[in-house]
1. Given the criteria assigned to a helix (DSSP H, G or I), polar (S, T, N, Q) and buried (at least 19 other Cβ atoms within 10 Å of the Cβ), does S353 qualify?
2. Determine which member of the set E385, E321, E326, E333 is assigned by TED's automatic domain parsing to the domain that holds W54 and in a loop (DSSP other than H, G, I, E, B).
3. List, please: which pairs have Cβ atoms under 7 Å, are six or more places apart or on different chains, and start with a residue in segment 90-118 that is farther than 26 Å from L159 by Cα and end with one that is among the polar types (S, T, N, Q) and modelled with pLDDT of 95 or more?
4. For the condition in contact with a His (Cβ under 9 Å, 6 or more places away or on another chain) and either assigned by TED's automatic domain parsing to the domain that holds T324 or more than 22 Å from V176 (Cβ to Cβ) (or both), what is the one hit in E260, E244, E221?
5. Can you tell me which residue among E257, E267 is in contact with a helix residue (DSSP H, G or I) (Cβ under 6 Å, 6 or more places away or on another chain), modelled with pLDDT of 95 or more and acidic (D, E)?
6. Tell me yes or no: at least one residue of segment 43-54 is in the same structural domain as P126 (by TED's automatic domain parsing), over 24 Å from H16 (Cβ atoms) and in a loop (DSSP other than H, G, I, E, B).
7. Where the second residue is of a type in the set (F, W, Y) and surrounded by 12 or more Cβ atoms within 10 Å (Cβ to Cβ) and the first is closer than 25 Å to A44 by Cα and in contact (Cβ under 8 Å) with a residue 40 or more places away in the chain and lies in segment 157-176, which pairs have Cβ atoms under 9 Å and are six or more apart or on separate chains?
8. Which residues, taken from segment 136-151, are surrounded by 13 or more Cβ atoms within 10 Å (Cβ to Cβ) and either in contact (Cβ under 8 Å) with a residue 60 or more places away in the chain or among the acidic types (D, E) (or both)?
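The values are calculated or read from the model by the stated rules, or taken from the named source; none is laboratory data. Quick caveat, the model's predicted, so the values are computed rather than measured. All Cβ positions, even for glycine, are placed from backbone atoms using ideal geometry, and neighbour counts span all protein chains on display.
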Amino acid sequence: MPRRGMSFGVFLAPFHAIGENPTLSMERDMELIERLDQLGYDEAWVGEHHSAGWETIASPEIFIGAALQRTRHIKLGSGVTSLPYHHPLLVAQRFVQLDHMSKGRTMLGCGPGALPSDAYMMGIKPTDQRRRMIESLDAIMALLKCEAPVTMETDWFTLNEARLHLAPWSEDRFPVAVASTITPFGMMAAGRHGIGVLSIGAGIPGGPEMLAKQWNIAEEEAAKHGHTMNRKDWRVVVNMHCAEDDEQALNEVRAGERLETITYFEETLGRPPGRADDPLKDGVKMGTTLIGSPDKISEGIEYLLELSKGGFGGMLFRANEWATREQILRSYELFGRYVAPKFQGSLNTIIDSNRWTKENRTTVLAGNVEAVKKAFIDSGRAVPEGFEGRTLGAEDVKS
């Protein structure tokens with residue numbers, strides 16, 4: 001697929017270590033999105049969690065509403081809204097409202113709910129979560145069509161001739177995507193409606209090799225339901241940290257990554273299925289944890305594109321706090337300056353123009369030597385000593 005227009009952004013769970021001021025942590029999250037907006041990043045997806053202490057945003061919609069007022073260009077989505085926790089009519093209404101408030105900068109990410117402790121507190125059985133997500137997604141997609149009233153009866157919600165109060169601001173509707181991890185479920189749910197995918201499982205052991213197979217699952221399911229999947233709507237989520245050289249980048253993130261892995265994913269969550277014992281080491285080895293210089297990270301993106309066997313439309317970086325605040329912001333700046341342009345086509349004409357000028361300098365610019373000499377003569381001044389016979393350079397053109 002064409003590389004021009006490949007999107008980049010963050011998947012903001014968020015991840016904040018226990019013991020920090022949660023109010024300040026949330027403000028840092030907001031400041032990060034503001035900075036990404038200034039740097040030209042395309043998207044930020046904000047998570048929903050209700051327990052376990054680390055991922056502290058309970059309502060992506062509230063956070064997105066505030067971020068819309070502090071940004072100008074970046075698109076904002078829920079990463080993700082846990083559909084089994086909410087009545088589908090309310091989910092649809094809230095995101096339609098955000099679509100109007102943002103004038104088209106809103107996206108809806110959907111999932112069954114990531115933390116078992118969230119579902120436990122609400123009395124939802126883990127075995128019911130995926131079924132509930134499908135039922136809710138079916139209702140939401142029907143409502144967003146704004147055609148016939150929607151009537152549905154399940155064991156946990158009812159829709160009686162339901163319709164949206166407002167139609168979406170965006171033409172047709174705003175982007176909708178489903179989170180996909182290690183099972184076929186997310187890809188099948190996306191294919192069922194021909195919508196986008198957030199591949200969160202790309203960084204787990206075996207994840208890179210499964211990229212192409214997972215996409216095939218989505219395409220097969222889409223065909224069953226009369227839809228066509230679009231790779232531009234496929235986003236792959238990975239860890240990334242960029243520094244001036246590879247060793248520096250690794251040194252900046254080692255301590256923070258170990259703290260997160262041990263205190264959250266091991267001691268709190270008991271290491272979820274599929275997660276490695278040493279995800280930093282294994283992720284770098286697999287090529288799905290992009291740690292290093294701009295050139296190293298560019299190579300990693302090329303590798304993932306190759307594994308996907310056809311490409312994907314966007315890449316999201318898991319917004320962790322493995323490094324210091326200054327190092328994190330520097331990482332996003334380095335990526336935005338030196339990596340993103342390679343995959344968005346914005347350097348092509350610049351490099352072409354520079355090459356053409358170099359190759360044709362003698363022919364195209366030679367006449368300017370005489371013009372500059374004439375300018376001295378016409379002004380009644382002597383031509384500077386040593387100017388005769390010079391090859392015109394950039395400094396002469398500027399003068």
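1. Details: assigned to a helix (DSSP H, G or I): yes; polar (S, T, N, Q): yes; buried (at least 19 other Cβ atoms within 10 Å of the Cβ): no.
So S353 fails the test.
2. Working: E385 fails: assigned by TED's automatic domain parsing to the domain that holds W54; E326 fails: in a loop (DSSP other than H, G, I, E, B); E333 fails: in a loop (DSSP other than H, G, I, E, B).
Every option except E321 fails the conditions.
3. Close Cβ pairs (under 7 Å, with a partner that is among the polar types (S, T, N, Q) and modelled with pLDDT of 95 or more) amount to G104/S170; L115/S51; S117/S51.
4. It is E221.
5. On the way: E267 fails: in contact with a helix residue (DSSP H, G or I) (Cβ under 6 Å, 6 or more places away or on another chain).
Just a single option satisfies the conditions, and that option is E257.
6. Step one: filter segment 43-54 for residues in the same structural domain as P126 (by TED's automatic domain parsing), giving 43-54.
Now narrow it down to the ones that are over 24 Å from H16 (Cβ atoms): none.
Checked against the condition, which is being in the same structural domain as P126 (by TED's automatic domain parsing), over 24 Å from H16 (Cβ atoms) and in a loop (DSSP other than H, G, I, E, B), segment 43-54 yields no hits at all.
7. P168/F95; P168/F174; F174/F95; V176/F95
8. D138, the sole residue that qualifies.
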